[in-house]
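The values are calculated or read from the model by the stated rules, or taken from the named source; none is laboratory data. The structure displayed is predicted, hence computed values, not measured ones. Counting neighbours? That spans all protein chains shown, and the Cβs are built from the backbone with ideal geometry, glycine included. Surface areas here come from the heavy atoms of the whole protein model, side chains and all, with no ligands, DNA or RNA. Shrake-Rupley method; radii C 1.70, N 1.55, O 1.52, S 1.80 Å.
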Amino acid sequence: MSDEETTTIFLASSRPTTERWWSKETVAIVTGANKGIGFELVKRLAELGLTVVLTARDGGRGLEAVRVLKGEGLDVHFFCLDVSNPDSIKTFASWFQHTFGVLDILINNAAVSFNGLRENSVTHAETVIRTNFYGPKLLTEALFPLFRCSPVGSRVLNISSRLGMLNKLENPKLKEILKDEDNLSENQIEDMLNLFLQSVKNGTWKSDGWPQHWTDYSVSKLALNAYSKILAKRYKGNGISVNYFCPGFTQTSMTGGKGIHTADAVADVGAWLALLPMEKLQTGKFYVVGS
Ligand code: NDP
């Protein structure tokens, strides 16, 4: 089997306009949306007329983002959600069920990296894995029963990274396991993460074949990509599409403001992907922004 396939979307080229299938009744959730790409995704979806739930781990920062959007005439809902905390996920899912009952679009955007652009420390590896992989996984699982699964399709879009591509992994055994998509299981992904955290504890992570750049972050996205493929396969034909998306090097806090894209330009692509009409909607695809 070949290495991963990606579908490139170029910012400069014009994308076909999506005929409006959604309405104010269409409900979307974006995690980690008080700033950066998440904030711009909320803004774009609200501008397009969906009902959007902006979530943030910090109440003050979340409400400030809501205030800014209100200033632009956009009305969004807010709830505190720390994706690294299973209790917070439970509380959010219960509030959401009570308040909205059904969900159409989930964008798992929240993530952390503790490295500067040219640094590679794994001091916060556990937090990175808990936030970037277990966060989206547990949240998606908690919300799955609420997906509307209507004829226009429910959607999960995981914001991921090219740093999580298989070609960044040098351990041949792990690579083989992850490449074998027909047999890949969630347990195997979690075993890989435990192995990684163990090699961080042992101090052998540099020589064990893990990705060489932003190692802990890359491993978390490697796991998220693999999980996205498993979910896509599991829900194929059941009205839920699961895709994952790398925005490319984007000017946000995560990159210290460096990057070749702006957050609003890549969020425009992300929103477009989340809103593809049913006849163009695929599942299990890795979309990447090309420059
Ligand atoms: P930012 O650092 O600007 O935003 C990250 C967001 O995630 C913030 O709102 C942050 O909240 C939130 N967050 C962090 N931890 C948690 C948590 N435990 N619970 C809830 N929210 C949390 O980064 P970007 O906008 O760049 O990142 C958005 C996505 O894009 C991420 O998934 C990232 O991996 C991905 N990406 C980004 C690239 C880039 O070049 N910028 C490249 C490839 C992928 P707070 O403000 O409280 O910290």
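How large is the Rg to Rh ratio of segment 28-180 when both quantities use alpha carbon positions and Rh follows Kirkwood?
Looking at segment 28-180, the ratio lands at 1.00.
Roughly how many Å² of SER94 are accessible to a 1.4 Å probe, to the nearest 10?
70
In Å and whole numbers, how far do the C-alpha atoms of segment 150-291 stretch along each principal axis, longest first?
49, 39, 20
If you stretched the chain out fully between SER121 and ASP87, how much longer would it get, using 0.36 nm times the residue separation minus the C-alpha to C-alpha distance?
Length gained, SER121 through ASP87: 9.4 nm.
Calculate the all-directions average of the projected area of the chain's alpha-carbon convex hull, and give it in nm².
Result: 14.5 nm².
Under the definition of Cα pairs under 8 Å and six or more residues apart, what whole-number percent is the relative contact order of the chain? The partial results should precede the final answer.
Numbers: 536 pairs, mean separation 69.7, N = 291.
Relative contact order for the chain comes out at 24 percent.
Leaving ligands and nucleic acids out of the surface, order ARG162, ARG118 by accessible area at 1.4 Å, largest first.
Final ranking, largest accessible area leading: ARG118, ARG162.
Going 7 Å from the Cα of ASN238 along its beta-carbon direction, which residues of segment 160-202 have the amide nitrogen within less than 17 Å of the resulting point?
In segment 160-202, the label zone of ASN238 (backbone N under 17 Å from the point 7 Å along Cα→Cβ) covers 184-187.
Pick out, from SER150, ASN120, LEU273, the residue whose Cα sits farthest towards the positive end of the charge dipole of the chain, with +1 on the Cβ of Lys and Arg and -1 on the Cβ of Asp and Glu.
In the chain, that residue is LEU273.
Taking 7 Å along the Cα-to-C-beta vector as the label spot, tell me the ILE260-THR204 distance in nanometres, rounded to one decimal.
Taking the two extended label points, one gets 3.8 nm.
How would segment 207-291 be classified by its alpha-carbon gyration tensor: rounded, prolate or oblate, with rounded meaning a/c under 1.5 and the a/b versus b/c comparison settling the rest? The partial results should precede the final answer.
Numbers: a/c = 3.15, a/b = 1.24, b/c = 2.55.
It is oblate, given that a/c is not under 1.5 and a/b is not larger than b/c.
So for segment 134-291, averaging the separation of alpha carbon pairs under 8 Å that are six or more residues apart and normalising by length, what relative contact order in percent results?
So the answer I get is 30 percent.
I'd like the FRET efficiency for SER291 and ARG67, computed as 1/(1 + (r/R0)^6) with the beta carbon distance as r and R0 of 25 Å, rounded to 0.05.
It comes to 0.15.
Give me the angle, in degrees from 0 to 90, between the Cα long axis of helix 186-202 and the longest principal axis of the Cα atoms of the chain, rounded to the nearest 10.
The angle comes out at about 60 degrees.
Pick out which of ARG130, ARG15, ARG61 has the largest mean-square fluctuation in a Gaussian network model of the chain, springs linking Cα atoms closer than 10 Å.
Result for the chain, Cα springs under 10 Å: ARG15 fluctuates most.
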